[in-house]
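Take this structure first; my questions come after.
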Amino acid sequence: MPELPEVETVRRGLAPLMEGHVIATADIRRPDLRWPLPPDMAQRLTGQRVLGLRRRSKYILADLSGGETVLIHLGMSGRMLIAPGAGDGQILGDYVHAHAAPQTHDHIVLTMDTGARVTFNDPRRFGMWDMFPTAGTHPLLEGIGPEPFGNAFSDVWLAKRLAGRRTPIKAALLDQANVAGLGNIYVCEVLFRAGIHPARLAGDLDGGQVARLVPLIRDVLAEAIEAGGSSLRDYRQADGELGYFQHAFRVYGREGAPCATPGCTGTISRIVQSGRSSFFCAACQR
DNA sequence: CCGCGGGCCTGCGCGC
DNA sequence: TGCGCGCAGGCCCGCG
């Protein structure tokens, strides 16, 4: 799924259709995704005004007028398909679909009072939807580390989190407790820019390397958000166009390609760490 | 406590 | 053409 930039892109795409509008109907088309859905979710959604859409890590949070918040995770293959309603005019976001009968893997369909329709489609069903009191918290959100663009994410924080860790830096940056929102693609891209081999042990990085990671993480994520989120085959914009940032990947999915570093004659390698592919240049990542 | 591997699902592209 | 295999952007959980 989607990593932080893609989730943020979806949030921005949903906001004009949902914020300030009432959920007229909620069609829950199966009892579970990765986890069971609240059995009374349809009733709890129906008639609620969406006060705002937030993002925390890779979760979208929809605050409802009745005091509950909807927690949404897109998993690996989740998509939000959008059909605009009356008065929505030109929709800013992507993923605009015409109204149509539910398709295979359309699991949740929200119809707004404007007639706009938001359909959650997730073939692999690793996605999650749940509800919790807005004033409270949710177990899935506890333990998530600082947002990468927030002040709490700093070289001091990261150094403290990585100190003494005998796990590869690749795994440490994928750990949402250390920094929220990075996934396999963007960790590969960050480590490439940092010149750090993905198998290096997190606790072995020196202070300068850790400090440089912080702005590089922000750069990579900001560039991807700017590009509208990358979209791979599970994450296609509705008109079939692919996102831009994927064309800016320097290592991810580029095994065998020449390294993009000026003057470097290396080629991109792929290794498997904890069952996940890591792409890197062995010549300039140490 | 920490690190690793399995499991959850479906779909797609590849090699035979 | 058909089939089996490996692979896919995430995350929780149990094991050692």
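Every read-out reported here was derived from the displayed coordinates using simple, explicitly stated rules and does not represent laboratory data. This is a predicted model, so every value here is computed, not measured. Note that each Cβ is placed from the backbone with ideal geometry, even for glycine, and that neighbours are counted across all protein chains shown.
Relative contact order of the stretch A:4-141, please, whole-number percent, based on alpha carbon pairs below 8 angstrom and at least 6 residues apart. Mind dumping the intermediate values first?
On the way: 298 pairs, mean separation 42.7, N = 138.
Answer for the stretch A:4-141 is 31 percent.
Once fully extended, how much extra length lies between A:Ala222 and A:Arg124, figured as 0.36 nm per residue of separation less the alpha-carbon to alpha-carbon distance? Please report the intermediate quantities before stating the final value.
On the way: separation 98, 0.36 × 98 = 35.28 nm, distance 2.78 nm.
Extra length from A:Ala222 to A:Arg124 when fully extended: 32.5 nm.
Separate question: As a test of the formula, what do you get for chain A when each DSSP H run with n ≥ 4 contributes -39,500 (n - 2.57) and the sum is divided by the residue count, at 222 nm and rounded to the nearest 500 deg cm²/dmol? Show your work: numbers first, answer last.
Working: 6 runs with 65 residues, N = 286.
So the helix-based figure for chain A works out to -7000 deg cm²/dmol.
Just round it to a whole percent: the fraction of Cα-Cα distances in chain A exceeding 35 Å. It would help to have the intermediate numbers written out before the result.
On the way: 9033 of 40755 pairs.
Pairs farther apart than 35 Å: 22 percent.
Find out how many positive minus negative residues lie around A:Lys58, taking Lys and Arg as positive, Asp and Glu as negative, among other residues whose Cβ is under 10 Å from that of A:Lys58. Intermediate values should be presented prior to the final figure.
Details: positive: A:Arg55, A:Arg56; negative: A:Glu3, A:Glu6, A:Glu8.
Around A:Lys58, the charge tally is -1.
Quick one: net charge of A:Thr104's neighbours, Cβ under 13 Å, K/R +1, D/E -1? Could you put the intermediate results ahead of the total?
On the way: positive: A:Arg29, A:Arg30, A:Arg79, A:Arg124, A:Arg125; negative: A:Asp106, A:Asp122.
With Lys, Arg at +1 and Asp, Glu at -1, the net is +3.
Could you work out the mean projected area of the convex hull around the alpha carbons of the stretch A:4-141, in square nanometres to one decimal?
Details: hull surface 29.3 nm².
Orientation-averaged projected area of the Cα hull: 7.3 nm².
What relative contact order, as a whole-number percentage, does the stretch A:5-81 give when Cα pairs under 8 Å and 6 or more residues apart are counted?
Numbers: 99 pairs, mean separation 21.5, N = 77.
The normalised contact order for the stretch A:5-81 reaches 28 percent.
Could you work out the relative contact order of chain A? I mean the mean sequence separation of Cα pairs under 8 Å and 6+ apart, divided by the number of residues, in percent.
Details: 602 pairs, mean separation 52.6, N = 286.
About 18 percent, as a whole number.
Got a sec to turn the phi values of the stretch A:44-61 into Karplus ³J(HN,Hα) couplings, 6.51 cos²θ - 1.76 cosθ + 1.60 with θ = phi - 60°, whole Hz, x for Gly and Pro?
So the Karplus estimates, Gly and Pro as x, are 6, 8, 5, x, 7, 8, 7, 6, x, 10, 10, 10, 10, 6, 9, 9, 9, 10 Hz.
Can you give the percent of C-alpha pairs in the stretch A:155-281 whose distance is more than 27 Å? Write down the numbers at each step before the final one.
Values: 1421 of 8001 pairs.
Tail fraction, whole percent: 18.
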